[in-house]
C-alpha cells in the first residue's frame, strides 16, 4: 500500500529544493515530534548516491537510522529513493500559493496506516515551517 502526505511551502522552488537535500537543513526539520530530533545527516545527492539520517528521542532512550539510495532525480521536480525493501517519491510543484511537496511512500507492517501518515505529515509540516522561517 502507498501512503501520500503533502504540504505547501510559501517559498521559491530553489529554496524548497535545497532545504530538502541539504544535511544542515535536514538536521533542523527532520523530526515527527518535539521530543525527537535528527542528530546526523549525510547526503550523496545523485542517482545511486546514499543518504542517511540518524533520528532519536531527545532523552537518548531510542533512535534509528533512516537510510537509502536515490534511484531517480529530476532536478526541482522529483526525487525517488529506496530504503530497505520500500520506496518513496517526493514531488515538487510550483503554484500560486507556493511549492507543493508531496511524499508518497510504501507503508510498513509495524505501525498503522494512520500512525505512518501522521508521522510523515508531521515531518513535512516541520519542513515547511523551517523553510518559511529561514
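The values are calculated or read from the model by the stated rules, or taken from the named source; none is laboratory data. All values reported here derive from a predicted model rather than from experimental measurement. Cβ sites come from the backbone with ideal geometry, for glycine too, and all protein chains shown count toward neighbours.
Could you grab me the full set of residues in region 91-115 that are under 17 Å from residue 81 (Cβ atoms) and more than 13 Å from the chain's Cα centre (by Cα)?
First, the residues of region 91-115 that are under 17 Å from residue 81 (Cβ atoms): 91-92, 101-108.
Matches in region 91-115: 106, 107, 108.
Across region 32-78, the qualifying residues are those that are touching a residue at least 60 places away in the same chain (Cβ under 8 Å) and touching a helix residue (DSSP H, G or I) at 6+ places or on another chain (Cβ under 6 Å), and the one among them that is nearest to residue 101 (Cα to Cα) is 76.
In region 96-134, which residues are modelled with pLDDT under 95 and over 26 Å from residue 57 (Cα atoms)? Hits for region 96-134 are 96, 97.
Residue check: is residue 41 under 18 Å from residue 21 (Cβ atoms), at pLDDT 95 or above, touching a strand residue (DSSP E or B) at 6+ places or on another chain (Cβ under 7 Å) and in a strand (DSSP E or B)? Spelling it out, residue 41 is indeed under 18 Å from residue 21 (Cβ atoms), at pLDDT 95 or above, touching a strand residue (DSSP E or B) at 6+ places or on another chain (Cβ under 7 Å) and in a strand (DSSP E or B).
For region 79-134, a residue qualifies if it is free of Cβ contacts under 8 Å to residues at least 60 places away in the same chain and touching a helix residue (DSSP H, G or I) at 6+ places or on another chain (Cβ under 8 Å), and the qualifying residues are 79, 108, 111. Mind telling me which of the residues 32, 88 ends up being within 20 Å of residue 8 (Cβ to Cβ), in a loop (DSSP other than H, G, I, E, B) and within 15 Å of the chain's Cα centre (by Cα)? The match here is 32. Given the criteria part of a strand (DSSP E or B) and farther than 20 Å from residue 13 by Cα, does residue 53 qualify? Yes: the conditions hold for residue 53. Looking across region 3-23, the residues that are touching a strand residue (DSSP E or B) at 6+ places or on another chain (Cβ under 8 Å) and either more than 13 Å from residue 75 (Cα to Cα) or loosely packed, with under 15 Cβ neighbours inside 10 Å (or both) come down to 3, 4, 5, 6, 7, 8, 9, 10, 11, 12, 22, 23.
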